[in-house]
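Since the structure comes first, as structure tokens, the remarks are kept for the end.
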């Protein structure tokens, strides 16, 4: 049985969904197209070594560890950001308390 070769002319000329409205959505759309093309090339046994190496790297345990490390680093950054916000809020509360005590004492802030 002969192998069916897709020339890509029919699928590339029509669009499945409306164009992306944001740059981020467009980027995701382009990534999906690139992955589809890489898959097609691999299925046809015509993929260059760079594509094969890319997917081999994605499958490696080292890559999984790097992903996990990035997740933890993102969580740490979020915690640090939250801590900074809490410190600013605490400083504001202290200043409000000092101002209230000065008013209670009968002092003005202008002295």
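The values are calculated or read from the model by the stated rules, or taken from the named source; none is laboratory data. Please read these numbers as outputs of a predicted model, since none were measured by experiment. So basically every Cβ, Gly included, is an ideal-geometry build from the backbone, and we count neighbours across all protein chains shown.
Observations
- Hey, residue 23 surrounded by fewer than 10 Cβ atoms within 10 Å (Cβ to Cβ) and modelled with pLDDT of 90 or more or not: yes
- Only residues that are surrounded by 11 or more Cβ atoms within 10 Å (Cβ to Cβ) and touching a helix residue (DSSP H, G or I) at 6+ places or on another chain (Cβ under 9 Å) were counted across the range 38-47, and they come to 4.
- Note on the range 43-53: residues that are part of a helix (DSSP H, G or I) and touching a residue at least 12 places away in the same chain (Cβ under 8 Å) amount to 1.
- Flag for residue 3 being modelled with pLDDT under 85 and in a loop (DSSP other than H, G, I, E, B): yes
- Evaluated against (1) assigned to a helix (DSSP H, G or I); (2) modelled with pLDDT of 90 or more, residue 64 falls short on exactly one condition, (2).
- Within the range 9-23, one or more residues are part of a loop (DSSP other than H, G, I, E, B) and in contact with a helix residue (DSSP H, G or I) (Cβ under 7 Å, 6 or more places away or on another chain).
- Residues satisfying the stated conditions in the range 55-110, i.e. touching a helix residue (DSSP H, G or I) at 6+ places or on another chain (Cβ under 9 Å) and either exposed (fewer than 10 other Cβ atoms within 10 Å of the Cβ) or in contact (Cβ under 8 Å) with a residue 12 or more places away in the chain (or both): 55, 108, 109
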